[in-house]
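Data first, discussion second: the structure below is written as structure tokens.
The values are calculated or read from the model by the stated rules, or taken from the named source; none is laboratory data. Keep in mind that what you see is a predicted model, and the values were worked out from it rather than measured. Cβ coordinates were reconstructed from backbone atoms using ideal geometry, including for glycine residues, and neighbour counts include every protein chain displayed. Please note that ligands, DNA and RNA were not included when accessible areas were found on the heavy atoms of the full protein model with its side chains. Shrake-Rupley method; radii C 1.70, N 1.55, O 1.52, S 1.80 Å.
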Amino acid sequence: MIKNVAVFNDLSGFGKCSLTAAIPVISVLGSTPHPIATEVLTGQGGYPVFYSRDLTDMLPEYIKAWKANNASFEAIYSGYLTGVKQIEYVFEFIQEFKKKDTFILIDPIMGDNGKVYRIFSNELLNQMRELTREAHLITPNLTEACLLAGVDYNEIVTIKDSTELIERVKNIGHNIRNTAKVKQDVIITGIKHKQEDRAFIYNVAITEQGCEYYRSHLFERSFSGTGDLFASAMCGLKLAGHSTIEGMNIASDFLYHSIADTMNSNTLGNDGVEFETHLTELLRGVGKDERRNK
């Protein structure tokens, strides 16, 4: 049976992020994404010029119309939300459509690289904390994980020993999942660390079964949409029956190979990752253990 996924996220015309990342990734993994646009942008916010329109007022109409049409979902996945009011609507959506076995994934988008996005406020942080407690899986980057746990980001990124760094990140993940209202897994992404003349990036999964990490080479350039691609892959992989740790490894390999190919082109960071030719890797789990601990 093909599973239905309600996906809250923005729609950016350029940048290969948000819904334009979620729709192909979830689809190729065998589920049907049903988009709920939170904002429409000509291009993601990293472009020097972009126009956007907030769609907060439309969200209750989604709920009303989908309820009237007897919509049903095996998963609810929330990404970019423009503010506190949208978080309230996601709560309402979960209350209306959640069933006994509905899988909930929250990607708590608030900032990156130690900086918060334009949507951020203390009220939004408090509401996002409450929203993440409803989720079976959350996928914060390190900045967002520190915000959720009330930890100083600069204190973490200045740790020089990799073993200590991973241990501290694991503790952050445990602190977050221990406040959840359901059995929750946490994947903290985008943890950068330099060792002598080498630079790595880690994803760390904290689950009831234990903690594992994926490590790969840190590329010189960053690209739009990598967090959206990862979270979307995790949603599809979980619905396809993979464990959180299996999914992390497959999704991380998919991103690694996609970014590696993009580095060989003239693609600008704002334009996003050339992931399209690597979508079949999500189905095969290609290279699952190939680069994790090099």
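Summary table below
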read-out	value
Net charge of neighbours whose Cβ lies under 13 Å from the Cβ of S27, counting Lys and Arg as +1 and Asp and Glu as -1	0
Candidates E130, E155, E88, ranked by Gaussian network fluctuation over the chain, Cα under 10 Å, top entry	E155
Solvent-accessible surface ranking, highest first, for S121, S232 at 1.4 angstrom	S121, S232
Label selected from (i) 0.93; (ii) 0.97; (iii) 1.03, the criterion being Rg/Rh (Cα atoms, Kirkwood Rh) as computed here	(i)
Length-normalised contact order for segment 195-271 - Cα pairs under 8 Å, 6+ apart - percent	31 percent
Solvent exposure ordering (accessible area, 1.4 Å, most first) of I23, I87	I23, I87
Antiparallel DSSP beta bridges within segment 90-241, as percent of all bridges there, nearest 5	80 percent
Candidates R215, R53, R198, ranked by Gaussian network fluctuation over the chain, Cα under 10 Å, top entry	R198
Label-point separation, K181 to E88 (7 Å along Cα→Cβ), nm	1.7 nm
Inter-label distance for H174 and N264, nm, one decimal - labels placed 7 Å from Cα along Cα-to-Cβ	4.2 nm
0 to 90° range, to nearest 10: angle between helix 59-68 axis and the chain longest Cα axis	60 degrees
Cross-link pairs K16/K170; K170/K192; K67/K98; K170/K194; K181/K238 - those with Cα-Cα distance over 22 Å	K16/K170
Over segment 44-121, relative contact order from alpha-carbon pairs under 8 Å, at least 6 apart, %	32 percent
Cβ-Cβ FRET estimate between N122 and V40, R0 fixed at 35 Å, reported to 0.05	0.85
E167-S52 pseudo-label distance in nm [points 7 Å out on the Cα-to-Cβ vector]	4.0 nm
Mean ellipticity per residue at 222 nm, deg cm²/dmol - from DSSP H runs of n ≥ 4 across the chain, formula -39500 (n - 2.57)	-12000 deg cm²/dmol
Relative contact order (percent, whole number), the chain, Cα cutoff 8 Å, 6+ residue spacing	17 percent
Rounded to 5, the percent of DSSP beta bridges in the chain classed as antiparallel	50 percent
Alpha-carbon centroids, segment 109-165 and segment 80-94: separation in whole Å	18 Å
With Cα atoms, 0 to 90° folded angle of helix 18-28 axis to the chain main axis	90 degrees
Highest-fluctuation residue, L142, L81, L165 considered, GNM on the chain with Cα pairs under 10 Å	L165
Rounded percent of accessible protein surface that carbon and sulfur make up, segment 181-220, 1.4 Å probe	43 percent
Segment K192-K98, length gained on full extension (0.36 nm per residue, minus Cα span)	30.3 nm
Nearest-ten-degree value, helix 122-132 long axis tilted from longest Cα axis of the chain	90 degrees
Shape category assigned to segment 113-198 from the gyration tensor of Cα positions, a/c cut at 1.5	oblate
